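Have a look at the structure below before the remarks.
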2 protein chains.
Amino acid sequence: MRESAWMPTPSNPFAVKALAFDVFGTVVDWRGSIIREGNQWTHTKGSQVDWGKFADRWRAGYVPSMNRVRQGSLPWMKLDQLHRLILDDLLVEFKITGLSEQEKDHLNLVWHRLTPWPDAVNGLARLKKEFVVSTLSNGNISLLVEMAKFAGLPWDMVLSAELFHHYKPDHEVYLGAAELLGCQPAEVMMVAAHPNDLNAARACGLRTAFVPRPLENGPGQQQAPATPESFDVTARDFLVLADTFL
Amino acid sequence: MRESAWMPTPSNPFAVKALAFDVFGTVVDWRGSIIREGNQWTHTKGSQVDWGKFADRWRAGYVPSMNRVRQGSLPWMKLDQLHRLILDDLLVEFKITGLSEQEKDHLNLVWHRLTPWPDAVNGLARLKKEFVVSTLSNGNISLLVEMAKFAGLPWDMVLSAELFHHYKPDHEVYLGAAELLGCQPAEVMMVAAHPNDLNAARACGLRTAFVPRPLENGPGQQQAPATPESFDVTARDFLVLADTFL
């Protein structure tokens, strides 16, 4: 890391040391990846499933299941375990039967095999020259580490809600990440496609970069409404984000 | 990661998924690095210091200070903070005076700027093709992340005693690392130059690889006695370790 990253400069007016990235939707295209792997599954198994709808339903279960942990009606569990609880219901809903335990486990771990948006790997590699680049995701550590190997994501550090036994947007996650990175909150910039994640980061004193991903929920789908002026930086993708700084 | 890494094969008879590396002495040459940076300091400042002795005394304070945390006579603190406690005593002992707070802080962070043994970067890059390669060090997260950027160490994951608020050889560190990596203990192999670290890892059910570093304490110095037959693998360096598996 160049010394220049550690103090305000014309290219880094925020004196940011580390960038903390949301992952699902911001770095990787979960919906497209599940559809692609699902279609291969259909090709092999012959069962007809609307994998776009399946992916949407799986993701729709994500926030409610984390909220059950956040509110204490479920004990702490890894996202892999929450994904599995949702999957077990979806297999009934989509009438997918006859899977072995091993096949269910493999399907559940599709979240370890998500592919990045086209700009993500090159953008991270450029940003890594100036900043510590870390995940800050609700995905568990092993999910994020395996995804990074699968997708070639060049993280300096893998930080997860799992380390704090709190899910985003609980403040423990953002403040805990800054502490582990040896930074003041204002020296960390949260990068996300989701305004609610950025709003929580900002409330903890982190800097914020909004990178909208209009295709996250599929073509023609609505995104959560955003007010880009609320965030320190808005960039179309990670390459433009790198251009902002480098 | 190739599927083959996840089950016993002729080249990976232990079915190991992840390698967890001790860092100080095993991956990086702390003594040589401190001497090198100290000699530059002498060149700039003109003060005469025996930096080999200084490094040895700093390192000699390491285990006793961690033991005070392990036994509860000090609260949890990061290794950066323990290093600073030791350094403040050493500055008196070596009659180094007149340093600003910023200069003391910079000197203390020399542990973030250690250089790897000659085989380390290439060996890790080769091992990374087959395994998850992670640190498992008593160094704090920010120390290890900055060292990795400084030295070009291609970790998949940075795991530290800091995540568990226990220092090695406390068993919480080894078992906590396996849990975060999503592995059974026997699926993780600890790699270290220090038999006591490996003995503790083995007692937790981890596999063990002994990589002696005879120059760790300087030329002609004794190493802790080792019985290589106690460990699953013994290799002269990380390249030979990679040859064992790949």
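What does the charge count around residue B:51 come to, taking other residues whose C-beta lies under 13 Å from its C-beta (Lys +1, Arg +1, Asp -1, Glu -1)? Walk me through the numbers before you get to the answer.
Working: positive: B:31, B:36, B:45, B:53, B:57, B:59; negative: B:37, B:50, B:56.
So the environment of residue B:51 carries a net charge of +3.
Across the identical copies, the 7 Å label point of residue A:109, projected outward along Cα→Cβ, sits 3.9 nm from its counterparts, in ascending order. Each Cα pair under 8 Å and six or more residues apart adds its separation to the average, and for the range A:159-246 the resulting relative contact order is 21 percent.
For B:54, A:238, A:131, B:94, which order do you get if you count the other beta carbons within 10 Å of each Cβ and list the fewest first?
Numbers: B:54 20, A:238 28, A:131 25, B:94 16.
Going from least to most buried by this count: B:94, B:54, A:131, A:238.
Of all DSSP beta bridges confined to chain B, the antiparallel ones make up roughly 5%.
Sort out for me the Cα centre separation of the range A:119-156 from the range B:101-129, rounded to whole Å. Distance between centres, Cα-based: 21 Å. Cβ crowding within 10 Å ranks A:208, A:234, B:9 as B:9, A:234, A:208, fewest other Cβ atoms first. With the simple spin-label model, which puts each label point 7 Å out from Cα in the Cβ direction, the residue B:11 to residue B:246 separation comes to 0.8 nm.
Figure the gain on full extension for residue A:70 and residue A:224 (residue separation times 0.36 nm, minus the Cα-Cα span) and round it to one decimal in nm. My answer for the length gained is 53.3 nm. Cα-based values for the protein assembly as shown, radius of gyration first and Dmax second, are 23.6, 78 Å. Scaled to the globular estimate 2.2 N^0.38 Å, the Cα spread of the range A:96-211, given as radius of gyration, is 1.16. For residue B:206, neighbours were defined as the other residues whose beta-carbon sits under 15 Å from its Cβ, and their charges (Lys and Arg +1, Asp and Glu -1) total -3.
For the range A:62-110, which trypsin sites (Lys or Arg not before Pro) pass both filters: DSSP loop (anything but H, G, I, E, B) and at most 10 other C-beta atoms within 10 Å? Kindly include the intermediate steps, with their values, before the conclusion.
Numbers: sites: A:68, A:70, A:78, A:84, A:95, A:104; in loops: A:78, A:95.
Sites meeting the loop and neighbour criteria: A:95.
Distances between copies of residue B:61, taken at a point 7 Å out from Cα along the Cα→Cβ vector and listed shortest first: 5.5 nm.
The mean sequence separation of alpha-carbon pairs under 8 Å and at least six residues apart, normalised by the residue count of the range B:89-246, gives a relative contact order of 19 percent.
Taking other C-beta atoms within 10 angstrom as a stand-in for reagent exposure, B:232, B:243, A:88 fall in the order A:88, B:243, B:232, fewest first.
Over the residues of chain A, the helix contribution to mean residue ellipticity at 222 nm works out to -12500 deg cm²/dmol, using -39500 (n - 2.57) for each DSSP H run of at least 4. Sorted from closest to farthest, the other copies place their residue B:214 label points 6.6 nm away, with each point set 7 Å from Cα along Cα→Cβ.
The DSSP beta bridges internal to the protein assembly as shown are antiparallel in roughly 5% of cases. Chain B's nearest residue to the axis relating it to A, judged by Cβ and reported with the distance in whole Å, is B:163, 3. Normalised Debye scattering of the range A:30-112 at q = 0.26, 0.27 Å⁻¹ gives log10 I(q)/I(0) of -1.44, -1.52, counting only Cα atoms as equal scatterers and leaving out solvent.
Look at the Cα gyration tensor of the range A:153-201: its axes a ≥ b ≥ c give a/c under 1.5, and that counts as rounded.
Values in this text are rule-based calculations from the coordinates and carry no lab data. In this text, all values refer to a predicted model and were calculated from it rather than measured experimentally. Counting neighbours? That spans all protein chains shown, and the Cβs are built from the backbone with ideal geometry, glycine included.
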